[in-house]
Amino acid sequence: IRCSSQNGDRLMAVIEAIATTYCEDDVAYVDFTGIGTDYEHLQIRGSGRAYASGVNNHWWGVKLQTSGGWGTSANYAYHMMYGSDTTAAGNAVATGSDAFFQFNGSLGNDDTGTTAYTNRAAYASIVLDILDYHNADKNTSVSALAGSAFPYSTTGLGFNSGLLVSKLAITGVRIGAYNGLSSGSTLRGSAFTLY
């Protein structure tokens with residue numbers, strides 16, 4: 001993307017890696033906090049797997065932190081479109097139903113419900129955009145793409161978007177297995193970079 005300055009010089013948009021977290025152990029979630037207001041937008045790119053006993057499809061979750069703290073259940077709304085094998089579906093959640101965004105395009109699955117690493121899914125690819133994250137004149141919106149290959153079933157892909165009903169600047173992002181924001185784990189080897 002190029003723009004022209006007032007004196008005619010050409011400027012280029014800059015994408016800067018701010019922080020990377022590599023999970024050397026299983027964790028509930030990954031936090032990026034203390035984000036300043038130096039940027040226009042934020043993006044998280046990740047490669048992750050997840051596990052929760054007896055759960056076959058580990059969707060992933062995102063929670064946003066503002067100067068008022070982590071968003072409450074009354075503040076999140078989102079929609080999902082997803083496909084797996086011959087199935088295509090969609091879902092929408094109105095504001096107040098969840099304490100964080102629930103997104104599909106799985107972080108992995110475990111059809112056997114065991115903890116053996118050999119039974120867990122391939123890594124999912126994740127790209128999450130948080131737009132105008134410090135703009136005090138509007139609510140914060142996000143969009144996300146994610147997908148993974150399920151070794152015991154099919155490949156899943158999801159397109160998601162969401163809204164945090166808050167005009168406070170975003171100061172932190174929490175990402176992990178959807179179940180992991182309440183139970184379960186984001187697995188060792190998962191990696192996330194904030195841009």
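Can you pull out the residues in segment 52-81 that are open to solvent by 30 Å² or more (accessible area, probe 1.4 Å), modelled with pLDDT under 80 and within 24 Å of Leu42 (Cα to Cα)?
Once the filter is applied, which keeps residues that are open to solvent by 30 Å² or more (accessible area, probe 1.4 Å), modelled with pLDDT under 80 and within 24 Å of Leu42 (Cα to Cα), segment 52-81 yields Trp59, Gly68, Thr72, Ser73, Ala74.
Val142 is checked against (1) at pLDDT 90 or above; (2) aliphatic (A, V, I, L, M); (3) part of a loop (DSSP other than H, G, I, E, B) and fails just one. What number does that condition carry?
(3)
From the residues in segment 1-41 that are among the polar types (S, T, N, Q) and modelled with pLDDT of 85 or more, which one is surrounded by the fewest Cβ atoms within 10 Å (Cβ to Cβ)?
Thr33
All but one of (1) modelled with pLDDT of 90 or more; (2) loosely packed, with under 15 Cβ neighbours inside 10 Å; (3) not hydroxyl-bearing (Ser, Thr, Tyr) hold for Ala94; which doesn't?
(1)
Could you please give the count of residues in segment 175-195 that are open to solvent by 40 Å² or more (accessible area, probe 1.4 Å) and modelled with pLDDT of 90 or more?
Qualifying residue count for the region: 1.
The values are calculated or read from the model by the stated rules, or taken from the named source; none is laboratory data. Values in this document were obtained by computation on a predicted structure and should not be read as measured data. All Cβ positions, even for glycine, are placed from backbone atoms using ideal geometry, and neighbour counts span all protein chains on display. Accessible surface areas use protein heavy atoms only, side chains included; no ligands, DNA or RNA. Shrake-Rupley method; radii C 1.70, N 1.55, O 1.52, S 1.80 Å.
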